[in-house]
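Notes follow the structure.
All of the numbers you see were taken from the coordinates with simple rules; none came from a lab. None of these values were measured; they are calculated from a predicted model. Here the Cβ positions follow ideal geometry from the backbone for every residue, glycine too, while neighbour counts run over all protein chains shown.
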Amino acid sequence: MTRIQKTVFILVALVALVIGLTVYKVLNTEQQLDPAELLDAGIVLLPQGRDVPDLTLTNQNGEAVSMTQLEGKWNLLFFGYTFCPDICPATLAELRQLRGMLPEAAQQRMQPILVSVDPERDTPDQLKKYLDYFGAGFIGLTGPLEQIQALANAVGVPFIPADTSKEDYTVDHGGNLALIGPDGRLRGFIRAPMRTEKLAEQLPSVLALE
C-alpha cells in the first residue's frame, strides 16, 4: 500500500468514525424520547421545524435583540404581560420552579422569554422590574405591536390585541409556550397548564436535542 493509499484509507476511516458517532448520538437521544410520556408532560414536538420571522425587539435592558441572536439555546417563548392578573405570574413562577428542578446542563440549555402582548404599558423598565420578582435568567421582550403579533402568529400562539383606550384593560392570550430550538426554528410547544414535575422528567431529553 502506497503512502497516498494509506492516507486515503485513514481519512475514510476517520470520516466513517465521525458519522458513526453522530448517528449513534442521534439514535440514542431519540430512544430516550417517548412520545406518550412527552404528551403526558404537555410537550408537543413537531415532525418538522418551522421558520420563525427574524424580527428585532427590545429586551428589558433597552437593548435591541433579533431572533437570530437567541439561537444556540432552547428558547421557551411565553406571550404575556406584566399587568396580567393571573396566568402570567403563575406561569413565570412555574417556570422558575421548573428551572430549579432541572440538571445544571439542562438549565444552561433553556432560556425562558416573556414576550409582551401589551407593549403600550410594558416598557423595558417595566419588564425589568417585573421579571426581577422571578429571579435571574429571564428575558423580557417588547416592541411594536404588529411585530409581536406577527411573531405570535408564526409560532402558533396568537393573542387578541387589547382596546388600550379602556382603563385597566386586559389582554386575551393563551398559556402555551412555544419551543424554539437552538437552530432558531419552532420545534414544538409546552401546553398549559404546566405540569412541572413531569416536565422536569421529560424536558432534559428534549433540551439535549440540537
Work out the count of Lys pairs in region 35-207 where the Cα-Cα distance is under 29 Å, with the pair 8 or more places apart or on different chains. 5
Sorted by mean Cβ packing within 10 Å, highest first, what order do the peptides 161-169, 92-100 take? 92-100, 161-169
Can you give me the pair-distance distribution of region 159-210, C-alpha pairs, 10 Å bins, whole percents? 20, 37, 24, 16, 4
Modelled label-to-label distance, residue 61 and residue 149, 7 Å Cα→beta-carbon offset: nm? 3.1 nm
For the chain, size of Cβ-based charge dipole, Lys and Arg +1, Asp and Glu -1, in debye: 1020 debye
Scoring the chain by relative contact order with C-alpha pairs under 8 Å, at least six apart, yields a percentage of 30 percent
With springs only between Cα atoms under 10 Å, which of 33, 102, 131 fluctuates most in a Gaussian network model of the chain? 33
The set of residues whose placed amide H lies less than 5 Å from the amide H of residue 141, leaving out same-chain residues fewer than 5 positions away, is 114, 115, 116
Okay, helix-only estimate at 222 nm for the chain: each DSSP H run of n ≥ 4 adds -39500 (n - 2.57), divide by all residues, round to 500 deg cm²/dmol; what do you get? -13000 deg cm²/dmol
Once the Cβ-Cβ distance between residue 165 and residue 90 is put in as r, and R0 is 25 Å, what FRET efficiency do you end up with, to the nearest 0.05? 0.35
Between region 68-109 and region 152-210, what's the alpha-carbon centroid distance in Å? 9 Å
0 to 90° range, to nearest 10: angle between helix 87-101 axis and the chain longest Cα axis: 30 degrees
For the chain, the longest principal axis of the Cα atoms and the Cα long axis of helix 145-154 enclose an angle in degrees, to the nearest 10, of 40 degrees
In degrees rounded to 10, the 0-90 angle between helix 3-31 Cα long axis and the longest Cα principal axis of the chain is 40 degrees
